[in-house]
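All of the numbers you see were taken from the coordinates with simple rules; none came from a lab. Treat the numbers as computed from the prediction; the structure is a model and nothing was measured. All Cβ positions, even for glycine, are placed from backbone atoms using ideal geometry, and neighbour counts span all protein chains on display.
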Amino acid sequence: MTVRVRVAPSPTGDPHVGTAYMSLFNLAFARQQGGSFVLRVEDTDRARFRADSEQQVYDTLRWLGLDWDEGPDRGGPYAPYRQSERLDTYRPHVERLLADGHAYHCWCSPERLQQMREDQQRRKVPTGYDRLCHGKSRDERAALPGFAETPVVRLLVPEDPPLTFTDLVRGEVSAPRPDDQVLLKTDGFPTYHLAVVVDDHLMGITHVVRGEEWISSTPKHLLLYDFLGWERPQFAHMPLLRNPDKSKISKRKNPAARLTWFLEEGYLPEALLNFLGLLGYSLPDAEQEVFTFDEMSASFDWGRVNTVGPVFDLDKLGWLNGHYLRELPEDELLARLLPFLQRDGLVADPPTADQRALLAAAVPLVQTRIALLRDAGPLLRFALVDEAEFAVDPAAAEKVLVAGTDDVLAAAADALEPVAQWDTEHVQAALDGALIDGLGLKRGKAYAPVRVAVCGATVAPPLPESMALLGKERTLARLRAAVALVAG
RNA sequence: GUCCCCAUCGUCCAGCGGCCUAGGACUCCACCCUUUCAAGGUGGCUACGCGGGUUCGAAUCCCGUUGGGGGCACCA
């Protein structure tokens, strides 16, 4: 038997981080088993449907390297892979359930159902459909209140439905007894419960990997498999990613719930992927926390998946991201940084030759100083900005460029003026000669005002390197300007 | 309310009856390095929710309790 797994996002907005989480585990398992990873779009909710969402799912998943073998965009033996295009596929199965007496029509209006539910809550009894329509013809039902012309199809749950199943991560699990679920909506679309079972079966899905939130719905699906005479797949219910307050991760409470957020912030896909693999999971050698997808996949084991929902902790992801950032070759880091610098308006698209040269020298300076790709802009702004737009940060100026520092700045400028070979070593030699040997200052004290004058901030890449980056002319101009500022 | 799932440092993870006076990582703190900031190095703080069992022995098994989470839609 060939393993086939699937991820099934619903195109209802920004792709959710949970989709990437499920995809990672699905794919790790599929690759290990030499099986297939199927992407199916579950767009049966036309009310919440958003046209641009599907493409975003593709983009973010591909960005992470979680590529699928079959899907709406690339086809496959079980096309179409979009549920909205499979309406005809579901119909005969509904007819069969109806014919076998495992399903029935229901004409209850939304208002009646709402009222029924409220009433049940008030009486503190379990909520669920009361089967008013069961066994009635259209005309019999029409005589009763709360009637709607277009019926839905409901599953007739028997007295003793199957409630337990074996889960790959949890072992034996028992779930709640379902009420009579709607299978086919008035708009002719199937509900998730019907569509997922029909599609998983027809598409040969062998392992259903989904979030823990689906455990309580699983009996509905088991029932459908049984009624339709189909073999059940294996289930693996993954723990739910959590907000810091332990609730299920949500876009409302957590920006990280949106997959596109990680791109915007400048996280590396390899870091995010590694991090997701660390949530609710560990390699057989748990001490190894930095690992590739291939390493995870090779040793993958459902038994090592946790049952506890992990809090999505940005601190650790930030550290991992920095780690991967530091391992990148310089030219690769530059390539990844470029879009962010362009977004900040610091570099032209495409970059000029001057900018290219400057960036090549600047990248090693920021590599150990950034945690996110977007952090490079602020650090390099002093060198990339148009000279006319350069300004010393007022707070830094007030704190560091105090009375008396004009002598230090002037001495630095004078010493740098004759430097012919403008590179880090010669700049530092001139600087140290004038300030440490000449003025008798400690390096830390001496560099502080110079740094603010040249870089415009108290925090910047190392000073001689920054000056080398900036060039002699601009460095001297900034020093002279600062002298005037302090003196005046 | 009801049903279900879960329970080790602040967070992520190790531990699947004795190797645990509980290990690693992140965060935090201190120190070292140091021209700022980082990075790097060294060290440190902090956890088996509680109560009963079972056992020679329990973080590990069982029960209860407490706490957290999820489901209970013509949403997925």
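By the Cα gyration tensor, region A:360-401 has an equivalent ellipsoid whose semi-axes, rounded to whole angstrom, run 22, 14, 9 from largest to smallest. Taking all pairs of different Cα atoms in region A:357-488, averaging 1/r and flipping that mean, what Kirkwood radius in angstroms comes out? Kirkwood hydrodynamic radius for region A:357-488: 14.8 Å. Beta bridges assigned by DSSP with both partners in chain A are antiparallel in approximately 50 percent of cases.
Ordering A:Met22, A:Met467, A:Met1, A:Met116 by the number of other Cβ atoms within 10 Å of each residue's own Cβ, fewest first, gives A:Met1, A:Met116, A:Met22, A:Met467.
From its DSSP helices (H runs of at least four residues, each -39,500 (n - 2.57)), chain A gives a residue-normalised ellipticity at 222 nm of -13500 deg cm²/dmol. Remark: the Cα gyration tensor places region A:297-353 in the prolate category, a/c being 1.5 or greater and a/b exceeding b/c.
In region A:1-87 the Cα-Cα distances spread across 10 Å bins starting at 0 as 18, 52, 27, 3 percent of all pairs. Between A:Gln234 and A:His207, A:Val208, the built amide H atoms are under 5 Å apart, and every one of these is 5 or more places off in sequence or on another chain. Enclosing the Cα atoms of region A:142-211 in their convex hull gives a volume equal to 136 cubic angstrom per residue. Two numbers describe the Cα atoms of region A:80-126: Rg and Dmax, which are 16.3, 46 Å. Scanning chain A for DSSP H helices at least 30 Å long along the axis (C-alpha atoms) with a Kyte-Doolittle mean no lower than 0.0 picks out nothing. Across region A:1-153, the mean sequence separation of Cα contacts (distance under 8 Å, 6 or more residues apart), normalised by length, yields a relative contact order of 20 percent.
When the square roots of the Cα gyration tensor eigenvalues are ordered a ≥ b ≥ c, the ratio a/c for region A:93-184 is 1.5 or more and a/b does not exceed b/c, which makes its shape oblate. Taken over the C-alpha atoms, region A:223-262 has Rg and Dmax values of 16.8, 44 angstrom. Total lysine pairs in chain A at Cα distances under 22 Å, for residues eight or more apart or on different chains: 8.
Computed across region A:446-488, the Kirkwood hydrodynamic radius from all distinct Cα-Cα pairs reaches 10.3 Å.
Close amide H partners of A:Ile249, meaning residues 5 or more places away or on another chain with modelled amide H under 5 Å apart, are A:Leu241, A:Arg242, A:Asn243.
Site-free segments of chain A were taken between GluC sites (Glu not before Pro) in DSSP loops having at most 12 other Cβ atoms within 10 Å, sites themselves excluded; the longest one is A:288-488. Placing unit charges on the Cβ atoms only, positive for Lys and Arg and negative for Asp and Glu, gives region A:91-235 a dipole magnitude near 320 debye about its Cα centre.
With the convex hull of its Cα atoms as the shape, region A:379-452 has an orientation-averaged projected area of 5.6 nm². Shape annotation for region A:147-278: C-alpha extents along the principal axes are 51, 39, 31 Å, from largest to smallest. Rg and Dmax over the alpha-carbon atoms of region A:1-155 stand at 20.4, 59 Å. Toward the positive end of the charge dipole of region A:199-344, with +1 on the Cβ of Lys and Arg and -1 on the Cβ of Asp and Glu, the farthest Cα among A:Val311, A:Leu241, A:Ser216 is that of A:Ser216.
Coordinate range of the alpha-carbon atoms in chain A per principal axis, descending: 102, 49, 40 Å.
Just to check, using Stokes-Einstein with a Kirkwood Rh over alpha carbon pairs, what's the diffusion coefficient of region A:21-61 at 20 °C and 1.002 mPa s in µm²/s? After rounding, the answer is 180 µm²/s. Here region A:92-129 and region A:1-64 have alpha carbon centers that stand 31 Å from each other.
Starting from the Kirkwood radius over alpha-carbon pairs of region A:127-168, derive D by Stokes-Einstein at 20 °C in a medium of 1.002 mPa s and give it in µm² s⁻¹. So the translational diffusion coefficient is about 164 µm²/s.
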